[in-house]
Amino acid sequence: MDIRPLGIDPSQCLIGANWTAPHGARKLPLINPSDGTPLCDIAAGDAQDIDAAVAAARAAFEGAWGRATAVERGRVLARIGQLVLEHKEELARLEALDVGKPYTQAMADVVALARYMEFYAGAADKLHGETIPYLDGYTVYTLREPHGVTGHIIPWNYPMQIIGRSVGAALAVGNACVLKPAEEACLTALAFAELGRRAGLPAGALNVVPGLGAEAGAALSAHEDVDHLSFTGSVGVGKLIQTSAAQNIVPVTLELGGKSPQVVFDDADFDAALPFLVNAGIQNAGQTCSASSRILVQESRFDELLAAMSARYKALNAGPALDDLELGPLVSQRQKQIVEGFIAKGSDLELAASGQIAADAPAGGAYVAPRLYACADPDHMLAQDEVFGPVQVVIPFRDEDHAVAIANGTRYGLVASCWTRDGARQMRLARKLRAGQIFLNNYGAGGGVELPFGGTGLSGHGREKGFEALYGFSTLKTVAAYHG
Ligand code: ADP
């Protein structure tokens, strides 16, 4: 297939003003997970390319981009958002082919990317410091300043949304960015960088170097001239990134996934809850950091809810991304093997229901049928470990304390929800559940441009999305002026 995102050669990097081949001219094949065929080659950037990209970012930070006013930065972001919408069909198709995401879900990501640009365009000139009352004869104020060069290492599951929330916020503050997309899916990152150029981002304000994690990613996270790192991905790589950040004493934002629960009490509106309970598990074939993979249900209505969820599961189909069924393939055969490994370890659980793989789905695609398990043991591996595939467990609980103990009983803490009509219980649960985002009588897997997002425990630390992200992508300077 001849893939040229917005007309550019996908085996190139954007470093400074120009699209260039990586210095070693090495390439990596990009595979279409819907059928296993090659899509195109992408650049295999390495430490030398990262050096060049960081130098270009530094020059932009000390040059045109660093001098741009907040209003000017906001206008560029607004133009990028506009261009994203003008190219939405092409972007959605690229993401669907690359990630294996059903087209409608890919289109939702395009719209979210545009929203991030709109949000951060509007926010750019609203970040400001404060004046602080101090000693007689002083005026003290704070300045919110960009870090400088920010490194962004992103995963393959939601490239556009994660670029939007991380690069969008960093640019709004005035940082110059180096983006290392995932080797499994990087086409929309390339397209985004090209739209940035067309929108008027000065050379070097955004650089993109695709490549292997252990090469380009490791080089970016260890680079001594990078002032801030943001990473979304696995816990294992998150530890490496934090270790690299420690070597250079730079701040790091980590978003590392979760095992997010939805707690359903016996007074809940089941009809309202059902679509959220299931969709939050199977959206993007379960490859969502904030997927809800644990459904906790009060014992008295456990059988009823399990039956209702099972009925929905039986109607789910997985097929090629452009066929736009409920699920696409997983991103790769490797991811499929990982998920099948988990499924094998769940063979002692009761399989309540599963969906199916469409009969005409290509044999070379990375398809996994969605599975719903009843699980009485909250410590079971499938109830504790992040599967990153379309697998949900339904766990019974006795009462509120029991529910909170189970919900908080993993090492993750990204998102949690509570379904109940009892307002006082909603307030208690919102405080007691250990997670960075709590939803009451709803659930937002992956959404919420305006809503601060991030985790605790193994889910990571720092907050992205919303206005809050601007604090993370900026640093505070205090100025104390003595004037007598
Ligand atoms: P997954 O296991 O879901 O593929 P990873 O955490 O491995 O998630 O990948 C997320 C991002 O981290 C990707 O861009 C990947 O290339 C990058 N990455 C992987 N290994 C490293 C590493 N050692 N150092 C820096 N980045 C890495």
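Taking only the Cα atoms of the stretch 5-256, the ratio Rg/Rh comes out at 0.99, with Rh defined as the Kirkwood radius.
Under the combined filter of DSSP loop state and at most 14 neighbouring Cβ atoms within 10 Å, the stretch 375-458 retains these trypsin sites (Lys or Arg not before Pro): R398, R411, R421.
Pairs over the 22 Å Cα-Cα cut-off, from the set K180/K336; K126/K465; K259/K336; K259/K345: K180/K336. Tilt of helix 88-99 relative to the longest C-alpha principal axis of the chain, in degrees (0 to 90, nearest 10)? It works out to around 60 degrees.
Stokes-Einstein, applied to the Kirkwood radius of the stretch 167-243 over Cα pairs at a viscosity of 1.567 mPa s and 4 °C, places its translational diffusion at 98 µm² s⁻¹. Counted by Cβ distance under 15 Å from L458, the other residues give a net charge of +2, where Lys and Arg count +1 and Asp and Glu count -1. Tell me which GluC sites (Glu not before Pro) from the stretch 199-261 have a DSSP coil assignment and no more than 13 other beta carbons within 10 Å of their own. Here the GluC sites (Glu not before Pro) that fit, given the DSSP loop and packing criteria, are E224. Of all DSSP-defined beta bridges confined to the stretch 261-453, some 15% are antiparallel rather than parallel. Using 7 Å Cα-to-Cβ label points, what is the Y471/Q247 separation (nm, one decimal)? Going from the Y471 label point to the Q247 one covers 3.1 nm. If I compute solvent accessible area with a 1.4 Å probe over the protein chains, what percent of it on the chain is carbon and sulfur? Carbon and sulfur atoms account for 52 percent of the accessible area of the chain. The rule of thumb for compact globular proteins, 2.2 N^0.38 Å, goes into the C-alpha radius of gyration of the stretch 381-484 1.41 times. Compactness ratio for the chain: Cα radius of gyration over 2.2 N^0.38 Å (N = residue count) comes to 0.99.
For the stretch 200-206, putting each phi into the Karplus relation 6.51 cos²θ - 1.76 cosθ + 1.60 with θ = phi - 60° gives couplings of x, 5, x, 3, x, 5, 9 Hz, in residue order, rounded to whole numbers and with x for Gly and Pro.
Principal-axis analysis of the Cα atoms of the chain puts helix 187-199 at an angle of about 40° to the longest axis. Here D136 and T478 are evaluated by their C-beta separation; at R0 = 25 Å the FRET efficiency comes out at 0.90. Note that the chain presents 37 Å² accessible area per residue, ligands and nucleic acids not counted, probe 1.4 Å.
For S417, the residues whose amide H sits under 5 Å from its own are Q262, V263, F439, ignoring neighbours fewer than 5 places away on the same chain, with H placed 1.01 Å from N.
Our helix-only sum for the chain, with -39,500 (n - 2.57) per DSSP H run of n ≥ 4 divided by its residues, gives a mean residue ellipticity at 222 nm of -11500 deg cm²/dmol. Please list, by residue number, every one of the GluC sites (Glu not before Pro) in the stretch 96-195 that is coil in DSSP and has at most 14 other beta-carbon atoms within 10 Å. Filter output for the stretch 96-195: E130.
Here the relative contact order of the chain, from alpha carbon pairs under 8 Å that lie six or more residues apart, stands at 19 percent.
The values are calculated or read from the model by the stated rules, or taken from the named source; none is laboratory data. Quick caveat, the model's predicted, so the values are computed rather than measured. Virtual Cβ from ideal backbone geometry, glycine too; neighbours counted across all protein chains shown. Quick note on the areas: whole protein, heavy atoms, side chains included, nothing else; ligands and nucleic acids left out. Shrake-Rupley method; radii C 1.70, N 1.55, O 1.52, S 1.80 Å.
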